[in-house]
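A short write-up of the structure that comes next.
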Amino acid sequence: MSFDASENVTAAPMQGVSISVKNVGKVYHGYESPVDRLKQFFFPRMSRLSGREAKNHFRVFNALQNISFEVARGEVVGIVGRNGSGKSTLLQIICGTLSASSGDVRTHGRISALLELGSGFNPEFTGRDNMYLNAALIGMSRAELEERIPDILEFADIGDFIDQPVKTYSSGMAVRLAFAVAINVSADILIVDEALAVGDELFQRKCFSRIDQLRSEGATILFVSHSAGTIVDLCDRAVLLDGGELIADGSPKAVVGLYQKLLYAPPAAAAALRETIKKRAHESASIAERAMELADGNAGDDQGALNDDEMYDPSFVPAETIVYENHGATISSPEIRTLSGSRVNGLVRGRKYVFRYVVDFATELENVRFGMVIKALNGTHLGGSLSAPTFAEGRRFHKDQKVVVEYQFDCMLNPGVFFLNAGVFGNVGGAESVVHRLADAAAFRVLPVSNNISQEWIDFSCRPMVEVHE
């Protein structure tokens, strides 16, 4: 939904600032039952009339608490945070579709917002009718909109459905039309929630290409995304919300790192990490970078001396490791190390690492082989290795023998979360079979890459050679 917010500005625009958020809070009242809501309507009034202290019949939920930041003209700012952190509430307050309980928000210029599926569309109206409705809401003339309709229809690519009721649209069609309208109203500020996540890959590429174009034209862009790569690639700055509070504001790479730490940490560790980050939140200059240093410094003595952005987060572990039944050997202590021996689970693309695990033999086994597999977050096997038969042939391991297995690998993966499997194979009952296996034995993430042009999971280092023929 697009609209002109300039009428809400109560003071002259600050030089170079498009969005100013100062001490914003949002409080909701929760009721156990409709009866409590009715009590709240009548009883406090009666208490005040009789001179008694009023009793509340609701519980208070602070969706946002004391949020303050500014967005400069032409700046692209990403908002990240776990589910329920207050991201969408904040965007709605900035757009003016929701009132803040406290604080002040000022925007300077026309806002075009895509906040949720449908984006204010009336489901009973056709797509074309909704375009005209949006135009009327922002003060555009019918003639001005009609000049833009060809561009809107081309971008939305929903064909004859433009003249069908929006209630007949799929979620993808609705968001395509909503985004097409939002980017074609010559707005000074574009605000986008996570709605783009429902689009197919081709449409998402079109959207981000268009966002990049708007950015180059000087538009101010504020958007929510759970995609670390998108935040790092597109944003000049990022802010991290958690529990309704702004706890980090800084470079996209540093803020995304903190967000990922919180996202994958167990509840107890997340609470401690959150408090660690908040301790530095009052230092405005480079909160995220200093908070990241502090958080990494508390990771434990096992972190060692790491290079650049490599890191070890002891709380970043698989939610569940699947342990297969063993047949004479047991795998333990799976971990990733740098070539210098430091333990890591935050990896830098393009560097070499070692996947290491220990195998304890409880019985004598012959023709033993060792294996490993790297998997994507969705379970897709990306690659692995199995020790060759020439290594294993005739190789016998004895009872109570301990073996350390190490696989050196080049990290050529794009930013994201990945898992490692470990396996031991050998002769059991006269045939080769699985002796022991750990699925999701270890987890690691590849840290964000600035200006990443590689696609999908693996970076094949493909770089175009362009030859221009006049």
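The values are calculated or read from the model by the stated rules, or taken from the named source; none is laboratory data. Since we're looking at a predicted model, the values are computed, not measured. Methodologically, a virtual Cβ is constructed for each residue, glycine included, from the backbone with ideal geometry; neighbour enumeration extends over all protein chains shown.
Of the residues in the stretch 103-112, at least one is closer than 30 Å to ASP163 by Cα and out of contact with any Cys (no Cβ under 8 Å at 6 or more places or on another chain).
Take the conditions in the same structural domain as LYS87 (by TED's automatic domain parsing), modelled with pLDDT under 80 and touching a strand residue (DSSP E or B) at 6+ places or on another chain (Cβ under 8 Å) and apply them to VAL60. Does it pass? It would help to see each step written out before you state the result.
Values: in the same structural domain as LYS87 (by TED's automatic domain parsing): yes; modelled with pLDDT under 80: yes; touching a strand residue (DSSP E or B) at 6+ places or on another chain (Cβ under 8 Å): yes.
Yes: the conditions hold for VAL60.
Is at least one residue of the stretch 31-53 modelled with pLDDT under 80 and in a strand (DSSP E or B)? Outline the logic, then answer.
Applying the first criterion (modelled with pLDDT under 80) to the stretch 31-53 yields 31-33, 35-53.
Okay, now just the ones that are also in a strand (DSSP E or B), so none.
So far as the stretch 31-53 goes, no, none of its residues is modelled with pLDDT under 80 and in a strand (DSSP E or B).
Residue-level check: of (1) over 30 Å from LEU222 (Cα atoms); (2) surrounded by 15 or more Cβ atoms within 10 Å (Cβ to Cβ), GLY74 misses just (1).
Restricting the stretch 283-305 to residues that are assigned to a loop (DSSP other than H, G, I, E, B) and of a type in the set (S, T, N, Q), which is modelled with the lowest pLDDT? Write out each step before concluding.
As a first pass, look at the stretch 283-305 and keep what is assigned to a loop (DSSP other than H, G, I, E, B): 283-286, 298-300, 304-305.
Retained after the next criterion (residues that are of a type in the set (S, T, N, Q)): 284, 286, 298.
On the way: SER284: 42, SER286: 48, ASN298: 46.
Here the residue is SER284.
Please go through the stretch 395-408 and give me each residue that is in a strand (DSSP E or B) and either crowded, with 19+ Cβ neighbours inside 10 Å or at positive phi (or both), ordered by number. Outline the logic, then answer.
Pass one, the stretch 395-408, residues in a strand (DSSP E or B): 396-397, 402-408.
Residues satisfying the conditions are PHE397, TYR407.
Looking for whichever is among the aliphatic types (A, V, I, L, M), buried (at least 20 other Cβ atoms within 10 Å of the Cβ) and touching a residue at least 24 places away in the same chain (Cβ under 8 Å) here; the options are LEU153, LEU177, LEU98, LEU137. Which one fits?
On the way: LEU153 fails: buried (at least 20 other Cβ atoms within 10 Å of the Cβ); LEU98 fails: buried (at least 20 other Cβ atoms within 10 Å of the Cβ); LEU137 fails: buried (at least 20 other Cβ atoms within 10 Å of the Cβ).
Of LEU153, LEU177, LEU98, LEU137, the one residue that is among the aliphatic types (A, V, I, L, M), buried (at least 20 other Cβ atoms within 10 Å of the Cβ) and touching a residue at least 24 places away in the same chain (Cβ under 8 Å) is LEU177.
The residues of the stretch 99-137 that are at pLDDT 90 or above, in a loop (DSSP other than H, G, I, E, B) and closer than 17 Å to VAL175 by Cβ amount to a single one, PHE125. The residue of the stretch 224-257 that is nearest to the chain's Cα centre (by Cα), among those that are closer than 19 Å to LEU377 by Cα and not assigned by TED's automatic domain parsing to the domain that holds ASN83, is VAL256.
Tell me yes or no: at least one residue of the stretch 381-393 is buried (at least 19 other Cβ atoms within 10 Å of the Cβ) and of a type in the set (S, T, N, Q). No, the conditions are met nowhere in the stretch 381-393. When ASP236, ASP249 are checked against the criterion of being closer than 27 Å to ASP459 by Cα and among the acidic types (Asp, Glu), a single residue qualifies: ASP236.
Within the stretch 198-215, not a single residue is under 24 Å from VAL17 (Cα atoms), assigned to a loop (DSSP other than H, G, I, E, B) and modelled with pLDDT of 80 or more. If we scan the stretch 446-460, do we find a residue that is assigned by TED's automatic domain parsing to the domain that holds ALA376, touching a residue at least 40 places away in the same chain (Cβ under 8 Å) and among the acidic types (Asp, Glu)? The answer is no, given that none of the residues of the stretch 446-460 is assigned by TED's automatic domain parsing to the domain that holds ALA376, touching a residue at least 40 places away in the same chain (Cβ under 8 Å) and among the acidic types (Asp, Glu).
So which residues in the stretch 348-373 are in a strand (DSSP E or B) and of a type in the set (A, V, I, L, M, F, W, C), if there are any at all? First the steps, then the outcome.
Taking the stretch 348-373 and keeping what is in a strand (DSSP E or B), we get 352-361, 365-366, 369-373.
The answer is VAL354, PHE355, VAL358, VAL359, PHE361, LEU365, PHE370, MET372, VAL373.
For the stretch 158-174, enumerate the residues that are assigned to a loop (DSSP other than H, G, I, E, B), free of Cβ contacts under 8 Å to residues at least 40 places away in the same chain and surrounded by 12 or more Cβ atoms within 10 Å (Cβ to Cβ). Passing the criteria: ILE158, GLN164. Filtered by the rule that a residue be charged (D, E, K, R), part of a loop (DSSP other than H, G, I, E, B) and at pLDDT 75 or above, the stretch 432-470 gives GLU456, ASP459, GLU467.
Scanning the stretch 245-282 for residues that are outside any helix (DSSP H, G or I) and at pLDDT 80 or above returns GLU245, LEU246, ILE247, ALA248, ASP249, GLY250, SER251.
Condition check: outside the structural domain of THR230 (by TED's automatic domain parsing) and either at pLDDT below 80 or of a type in the set (A, V, I, L, M) (or both). Does GLY383 satisfy that? Reasoning before the result, please.
Values: outside the structural domain of THR230 (by TED's automatic domain parsing): yes; either at pLDDT below 80 or of a type in the set (A, V, I, L, M) (or both): no.
Answer is no for this residue.
Can you confirm whether VAL348 is farther than 30 Å from ASN452 by Cβ and within 35 Å of the chain's Cα centre (by Cα)?
Numbers: farther than 30 Å from ASN452 by Cβ: no; within 35 Å of the chain's Cα centre (by Cα): yes.
No; evaluated as a whole, the condition is false for this residue.
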